[in-house]
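Below is one structure, written out as structure tokens; comments come after it.
The values are calculated or read from the model by the stated rules, or taken from the named source; none is laboratory data. This structure is a prediction, so every number in the text was calculated from the model and none was measured. Backbone-built Cβ (ideal geometry, glycine too); neighbour counts: all protein chains shown. For the accessible areas, the whole protein counts, side chains as well, though only heavy atoms, and no ligand, DNA or RNA atoms are used. Shrake-Rupley method; radii C 1.70, N 1.55, O 1.52, S 1.80 Å.
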Amino acid sequence: MANEIDDDVMPLFLINGFLEAGKTQFLDFTMDQDYFQTEGKTLLIVCEEGDNEYDEKKLKKNHTEVVYVDDFSKLTPQYLNELEVIYRPERVLMEWNGMWNQDELALPEDWTIYQQITIIDGSTFELYVQNMKPLLGAMLRNSELVIMNRCDGIPDDKLTAYRRTIRAMSRESEIVLEDENGEIPQASLEEDLPYDLNQPVIAIKPEDYGVWYIDCMDQPERYVGKTVEFTAMVLKSPKFPKDQFVPGRMAMTCCEADMTFLGFLCKWKDAASFRTKDWVRVQAEIGVEYQKDYRGEGPVLYAKKVERAKEIKDIVQF
């Protein structure tokens, strides 16, 4: 948390999560780390009080002042400006109340969310996905790091399913799974994919498109050189070369307000013969290339066959 920050900006480090997810423990641990240390003051805004309390001695040692805000209506830009004038912090940490919609958070003009971290309790994740997905989605959407703790006793297939659900809502974050022994290496998780990776042509059923897309984005190396076949909608842009298009599907990653198009760049000699919203059956080999949209390397499809197909009415859901 000690990266170079513009002097004219008040950096806000936002720690998300529902009650008892472990936000306080995470911040308490963070205060002891070298990267947390700074000469200036830190303002910690706590938006809900759980069972764990902050150590007063540790707060004092780290020049950290705590303010408790128990009503979202109080959390206005004007109030935050007042806190800045009173405490003169170098940075602000905010322990967010998961029952408040983060999309409604308004900040002063010179404040910016510098880093966003979401803490999730693995033992209650399913419950929140089923009942509070929009709130969860708002917290995850722009998170750089997602830590799912308390994964002890959760079967591997569930953990991989949880991970995909998080990835669908937080496509660029680093995801860490933890049990009582620490981080769980992703490669150690056994999973039961709904298709066979060892087939000469991996047939992706319409209902499995979301699983394949997320897994291929997350672990493209295990798909390199594999041939897949699936049905998707064509997306084209004037910016694309004539031999390129994106076959994909509309997906609801969180709620109806979070509809997004999930697809990979596809290279095909006759791409010019298709238009946006056409439906096609694509058979393609998967490779990995640098792409600006990926901000690095990511999956690219090298089509072997592209044929017109019937529209799939259903949207992809996670």
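Worth pointing out:
- For the chain: accessible area per residue (Å², 1.4 Å): 53
- Under 15 Å from a label point set 7 Å out along the Cα-to-Cβ vector of Arg275, the amide N atoms of the range 228-261 belong to 234-238.
- Residues listed by number, the range 103-121, amide nitrogen under 15 Å from Val9 label point at 7 Å toward C-beta: 107-116
- Counted residue by residue at 0.36 nm each, then reduced by the alpha carbon distance between them, the extension gain from Lys57 to Val201 reaches 45.7 nm.
- Modelled spin labels at Val66 and Ser237, positioned 7 Å past Cα toward Cβ, are 4.7 nm from each other.
- Here the accessible area is traced with a 1.4 Å probe on the protein chains. For the range 168-318, carbon and sulfur cover 46 percent of it.
- Label of the coordinate-derived value, mean projected area of the Cα convex hull in nm², listed as (i) 20.8; (ii) 15.4; (iii) 18.5: (iii)
- Shown is the FRET efficiency for Glu297 and Asp28, computed with R0 = 25 Å from the Cβ-Cβ distance and rounded to the nearest 0.05: 0.10.
- Expected-Rg normalisation [2.2 N^0.38 Å, Cα atoms] applied to the range 274-318: 1.43
- If you sort Phe240, Phe36 by accessible surface, 1.4 Å probe, largest first, the order is Phe240, Phe36.
- Estimated purely from DSSP H runs of n ≥ 4, each contributing -39500 (n - 2.57), the mean residue ellipticity at 222 nm for the chain is -6000 deg cm²/dmol once divided by its residues.
- Distance from the C-alpha centroid of the range 112-189 to that of the range 217-286: 26 Å, rounded to the whole angstrom.
- Compactness relative to 2.2 N^0.38 Å, alpha carbon Rg of the range 160-311: 1.08
- Table column - 3J(HN,Hα) (Hz), the range 63-68, Karplus curve with 6.51, -1.76, 1.60, x for Gly and Pro: 6, 10, 9, 10, 10, 9
- Within the chain, percent of DSSP bridges classed antiparallel, to nearest 5: 45
- Cα-projected label distance for Lys304 with Asp110, points at 7 Å along beta-carbon direction, nm: 6.1
- Rounded to 0.05, the FRET efficiency of the Thr76 and Ile315 pair, given R0 = 35 Å and the Cβ-Cβ distance, is 0.40.
- 5 angstrom amide H check on Asp278, placed H, neighbours 5+ away: Val234
- Long-range amide H partners of Gln244 with built H, under 5 Å: Trp268
- Long-range amide H partners of Ile184 with built H, under 5 Å: Leu177, Glu178, Asp179
- Estimated FRET transfer efficiency (Asp192, Glu126; beta-carbon r; R0 22 Å; 0.05): 0.80
- Gain upon complete extension [Val224, Asp152; 0.36 nm per residue less C-alpha separation]: 22.7 nm
- At 1.306 mPa s and 10 °C, Stokes diffusion of the range 18-140 via Kirkwood alpha-carbon radius, µm² per second: 102
- Our coupling estimate for the range 20-36, obtained by passing each phi through the Karplus curve with A = 6.51, B = -1.76, C = 1.60 and θ = phi - 60°, is 6, 6, x, 5, 5, 4, 4, 5, 4, 5, 4, 4, 7, 8, 4, 5, 7 Hz, Gly and Pro reported as x.
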